[in-house]
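A quick write-up on the structure given underneath.
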Amino acid sequence: METSKIKELIGIAIQQLKFSYTPYSNFKVGAALLAENGSVYTGCNIENAAYTPCNCAERTAFFKAISEGVHNFQAICVVGGKNGELTEYAAPCGVCRQVMMEFCNPETFEIILAVDPEHYQVFRLKELMPMGFGPANLA
């Protein structure tokens, strides 16, 4: 993916931090999901006092896209940090990686982890979910 598109996704993900609802952990996460059709779906993490009903930024973005009929994705950018301060990379949790396995090609889907538009790393899903279980395992 070209650098300008990566930086655009980083900026969108950073903007999502302001919508994050994190009264318990104060760890804010924003995500920008790029569909193959060029649309970008956003997400933030949403906590709950009961903890189990919480939802990560990545899944929020995926579920928004899927609820609108979009099922093909190219990349996602994830940013996060305590009190919204981006000081290190915030990688997707295991549940989010499993959702990515359901809807993304692990060989080509890119996960961008960033602290700002100049400091980021790009991984393929297969790197963050080696030997992942997905729809192909049930074919």
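Quick note: the coordinates plus some simple rules give every number you see, no bench work behind them. These numbers come from a predicted model, not from an experiment. Virtual Cβ from ideal backbone geometry, glycine too; neighbours counted across all protein chains shown.
Residue separation times 0.36 nm, minus the C-alpha to C-alpha distance between Ala91 and Val122: what's the value? Don't skip to the answer; put the middle values down first.
Working: separation 31, 0.36 × 31 = 11.16 nm, distance 1.09 nm.
Gain on stretching Ala91 to Val122: 10.1 nm.
Site pair Glu107 and Glu36 shows an inter-label distance of 1.3 nm when each label is modelled 7 Å from Cα along Cα→Cβ. Antiparallel beta bridges, as assigned by DSSP with both residues in the stretch 6-116, represent about 75 percent of the total such bridges. By the helix-only formula, in which each DSSP H run with n ≥ 4 contributes -39500 (n - 2.57) and the sum is divided by residues, the chain has a 222 nm mean residue ellipticity of -8000 deg cm²/dmol. Dimensions of the chain along the principal axes, based on C-alpha atoms and rounded to the nearest Å, stand at 42, 37, 29, largest first.
Measuring nothing but how far apart in sequence close Cα pairs (under 8 Å, 6+ apart) lie, relative to its length, the stretch 57-101 scores a relative contact order of 36 percent.
For the stretch 1-114, relative contact order (Cα pairs under 8 Å, six or more residues apart, normalised by length) works out to 26 percent.
Sorting Ile76, Ile111 by the number of Cβ atoms found within 10 Å of their own Cβ, with the fewest placed first, yields Ile111, Ile76.
Can you sort Arg97, Arg59 so the residue with the fewest Cβ neighbours within 10 Å comes first? Provide the component values of the computation, followed by the final result.
Details: Arg97 18, Arg59 22.
Final ranking by Cβ density, sparse to dense: Arg97, Arg59.
So, counting K/R as plus one and D/E as minus one, what does the shell of residues with Cβ under 12 Å around His119 add up to? Numbers along the way, then the final one.
On the way: positive: Lys7; negative: Glu88, Asp116, Glu118.
Taking every other residue near His119 into account, the sum is -2.
Per-residue Cβ neighbour counts within 10 Å put Tyr89, Tyr41, Tyr21 in the sequence Tyr21, Tyr89, Tyr41, beginning with the fewest.
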